[in-house]
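To keep things clear, I will list the structure first and then write my remarks on it.
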Amino acid sequence: MRLLFGLSALLIILFVASLLVGQGDISPMQSLRALWGADDPLIVMVLQEIRLPRALLATMVGASLGLSGAAMQGYLRNPLAEPGLIGVSGAAALGAVIALQTGLAAWFTLALPLMALAFALVAVVLILVLAGPRGASLTLILAGIAISALAGALTSLVLNLSPNPYAASEIIFWIMGSVADRSFSHVTLALPLMLLGWGLLLTLGRGLDALTLGEDAAEAMGVSLSSLRLRLLGGTAAAVGAATAVAGAVGFVGLIVPHLLRPLTGARPSMLLWASMLGGASMVLAADLTVRLVLPTRDLKLGVVMAIIGAPLFLHLIYRTRREIL
């Protein structure tokens, strides 16, 4: 419990910092007053319509990716598993890219996230069809890899067929991932689906704890593996599909955060779910703050910063794991 309190405190500190940090000469007291609408109308607009939705989206996206990563690693018992492994984020990115390439995103503001969500749903249906209702974990991984590869190939094809370099540039920048220039429309679109995903994934704790003893032992303890897998796929699709739909592709969170927190939870998957949810939200908020503080006049993308932070951390984890084995 001490770990969860610590992560919650870190999340609150980073969330408040995310509200107070940004372009414009606005003092912390002005920012706090503006949140309640009691200041200059321009400052109120900056806080309520720019910084607040951005901080909320960073929190929601990070929580979704961290929680999904912990659930995937717990179910597949594979430390390299992450939400992108089952192809949901790749399919969502494909839907968003098609919306940009066809001009739907310019015609209707929410066409891009809606297309991304629709393609994420299609990916889940395809996984269920390919893996079968009682397929093993290996079948699920192979089906996810196949869908992810297909989505990546089709995304490249759409880029290849872009009508002009400006459309291609817009698509590439979107794929890099960001929570900048988002509004409460994106928050209200993504939040119900994310809540559904979080609800499904957080019910997996007992089943994932039992799975650490093996599938036969888990079934002997009354855990239904079919139900567990359906809740995992449904929850991951809802949470990660919604996150990709509003923020683009943000990598490494679902892979790194469970790795970092696992030793602090006693390797208990049920505890790791909550810890990764809070830790993922904190990591994305910290990365978004870095985007604003480093090169504030350039449009540095969140996905780029996450990759720069995540890759060295992952290399360190590989080195530490190798030393433990030796």
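The values are calculated or read from the model by the stated rules, or taken from the named source; none is laboratory data. Source: prediction; values computed, not measured. Here Cβ is always computed from backbone atoms with ideal geometry, including for glycine, and neighbour counts include all displayed protein chains. For accessibility, only protein heavy atoms count, side chains too; no ligands or nucleic acids. Shrake-Rupley method; radii C 1.70, N 1.55, O 1.52, S 1.80 Å.
Considering each residue of region 136-148, count those that are free of Cβ contacts under 8 Å to residues at least 60 places away in the same chain and open to solvent by less than 50 Å² (accessible area, probe 1.4 Å), and give that number. Summing the residues that are free of Cβ contacts under 8 Å to residues at least 60 places away in the same chain and open to solvent by less than 50 Å² (accessible area, probe 1.4 Å) in region 136-148 gives 2. Only a single item in (1) crowded, with 21+ Cβ neighbours inside 10 Å; (2) aliphatic (A, V, I, L, M); (3) out of contact with any Leu (no Cβ under 7 Å at 6 or more places or on another chain) is not met by residue 309, and it is number (1).
How many residues are farther than 19 Å from residue 262 by Cβ and under 15 Å from the mean Cα position of the chain (by Cα) if we restrict to region 193-241? Looking only at that region, the number is 14. When 129, 122, 44 are screened for being open to solvent by less than 30 Å² (accessible area, probe 1.4 Å) and at negative phi, only 44 passes. Could we say that residue 175 is of a type outside the set (D, E, K, R) and open to solvent by 20 Å² or more (accessible area, probe 1.4 Å) here? Criteria met by residue 175. Looking across 151, 220, one residue alone is hydrophobic (A, V, I, L, M, F, W, C) and open to solvent by 60 Å² or more (accessible area, probe 1.4 Å). It is 220. Determine, yes or no, whether residue 248 is of a type outside the set (Val, Ile, Thr) and buried (at least 24 other Cβ atoms within 10 Å of the Cβ). For residue 248, the condition - of a type outside the set (Val, Ile, Thr) and buried (at least 24 other Cβ atoms within 10 Å of the Cβ) - is met. The single residue among 183, 162 that is more than 30 Å from residue 272 (Cβ to Cβ) and either surrounded by fewer than 17 Cβ atoms within 10 Å (Cβ to Cβ) or of a type outside the set (Ser, Thr, Tyr) (or both) turns out to be 183. When we screen 240, 291, 253, 257 for residues that are under 20 Å from residue 188 (Cα atoms) and not small (Gly, Ala, Ser), the only hit is 240. Would you point out which residue out of 262, 323, 298, 268 is more than 26 Å from residue 186 (Cα to Cα) and either at pLDDT below 80 or touching a strand residue (DSSP E or B) at 6+ places or on another chain (Cβ under 6 Å) (or both)? That would be 323, the only listed residue that is more than 26 Å from residue 186 (Cα to Cα) and either at pLDDT below 80 or touching a strand residue (DSSP E or B) at 6+ places or on another chain (Cβ under 6 Å) (or both). Against the numbered list (1) open to solvent by less than 60 Å² (accessible area, probe 1.4 Å); (2) not in a helix (DSSP H, G or I), residue 228 comes up short only at (2).
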